[in-house]
Amino acid sequence: MDFTSPSSIYLPSLLAKPKFLQEQPQEAVTTSAMKQRRVILIALPSLVLFLFFFFYVFFNIRVKSLLLASSNNHSITLTETPRTETKFSILIGILTRPDNYDRRHFLRLVYGIQSSSVAEIHVKFVFCNLTKPEQRVLIALEILRFDDIIILDCIENMNNGKTYTYFSSLPQILPRHYDYVMKADDDVFIRFEPLSSSLKPLPRKDMYYGFVIPCNSMNPFVDYMSGMGFLLSWDLVEWIGKSGIPANETFGPEDKMVGKWLKMGNKAKNRFSDKPAMYDYPGTNGRCSHELIPETVAVHRLKRWDQWLNVLQFFNVTKQLNHTKLYHV
C-alpha cells in the first residue's frame, strides 16, 4: 500500500500554469496584434465622425439657447443696409455775355462751393457766337480750364430768340439728358440745397417751376414764370426743339414767350411757384422784393457788389472755411 501524501500527489498539478497563462506561440501573438490594429483602423473613422457630429449638435443647441435667452431680455433687430437713393439731375444754364469774364469767374466761386444731397447739379454759362479775336483766346482758356461754357449759334441778344435757341439746341448738343433744365440770369444767387429739396417731391414730367408773374399771385397757372430763373422738365425741353409753336414765337420778352409757348401747346400741366423762397433783392422791384429769408432758393437783381456781399454774408457761405496757419481771414 502506497502511503504517499496527497500533497506530493497534487503539488505538480497545482504549480502548473493555467492554460490561459501559458505562453502562446509567437505566430499566434503576431496574428492577434494584427487583428487588434485592424479593428482600431476600422473603428477610428467612425469615432471621428461621431465626435464631429456630437460637437456640431452641442454647438447648435448652445447657440440657439443663447439666442432665445437674449430674445427674452432684448429685442433683436436685423438692420438692412440702407439703399442709396438715386439723385435726380439739374442743368442750370446761366445766360450771360461773352465779355462778362469777371462775373463768370465770380459765379464759379459762388456755385463751385455748393452741392446738393439729393440732386446732381451742373452749371453752364451760355452765350451766343463770339465776335472778337480776344474772346476766342480768353474763352478758349476758360473752356480748357473749366469746361462749363455753351456757345449757341446765334447773335447775342436778350429778347430776340436766345432763350428759344438755348432750349431747342440742348437735345442736339448735350451728351446726356437731365431731369430738369433751368434758365437763369447772371444777377441771381441760387442755393442748390433748397432748390433741389423743393424739386425732390415734384413730378419729373411736364413740369414748369419758378416765380410766377404777377408778383402778388400765388397761382402758378395765372401766367408765366419770371426770367430770374425758371425750370422745365426734359420732356418740355425736347418739345420746344421739335414743335413749330415756339419756333414761330421767338421775339419778345423771353420769360413771357416761354409761358406763351406752353399755353399754346397745352403743356406744363404740372406747375410750381416757389414763393416766397424766390424773390428780388430787397427794395429793388416793389412787390417782387422782400427781405432775405433763411429758406431762400433764389435772390434776383444783384446788380452791385455790395448787394452780393450782403447776400453772401446773410447765408454765411464761407462757414466751411477751415482755420489754419496759412491765412488769417
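The values are calculated or read from the model by the stated rules, or taken from the named source; none is laboratory data. In this text the structure is predicted, and so the values were computed from the model without any measurement. Quick reminder, even Gly has a Cβ in these numbers, built from the backbone with ideal geometry, and neighbours come from all protein chains shown. These accessible areas exclude ligands, DNA and RNA; they are computed on the full protein's heavy atoms, side chains included. Shrake-Rupley method; radii C 1.70, N 1.55, O 1.52, S 1.80 Å.
Here is how the numbers come out for the structure above:
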{"item": "Ile113 versus Asp223: modelled label distance in nm, points set 7 Å from Cα along the beta carbon direction", "result": "3.7"}
{"item": "Global form of segment 179-316, assessed from the alpha-carbon gyration tensor, a/c cut-off 1.5", "result": "prolate"}
{"item": "Area accessible to solvent at Arg304, 1.4 Å probe radius, in Å²", "result": "130"}
{"item": "Sequence ranges 313-322, 94-103, 158-167, ranked by mean other-Cβ count within 10 angstrom, highest first", "result": "158-167, 94-103, 313-322"}
{"item": "Karplus-derived 3J(HN,Hα), 6.51/-1.76/1.60, for each residue of segment 107-124, Hz, glycine and proline x", "result": "5, 4, 5, 5, 8, x, 9, 9, 7, 9, 7, 10, 9, 8, 10, 10, 10, 10"}
{"item": "Net dipole in debye of segment 174-262 [+1 Lys, Arg Cβ; -1 Asp, Glu Cβ; about Cα centre; nearest 20]", "result": "280"}
{"item": "Segment 95-156 versus segment 223-289: alpha-carbon centroid distance in Å", "result": "22"}
{"item": "Length added when fully stretched, His177-His290, from 0.36 nm per residue minus Cα-Cα", "result": "37.2 nm"}
{"item": "Carbon and sulfur %, accessible surface of segment 96-216 computed with the full protein complex present, 1.4 Å", "result": "56"}
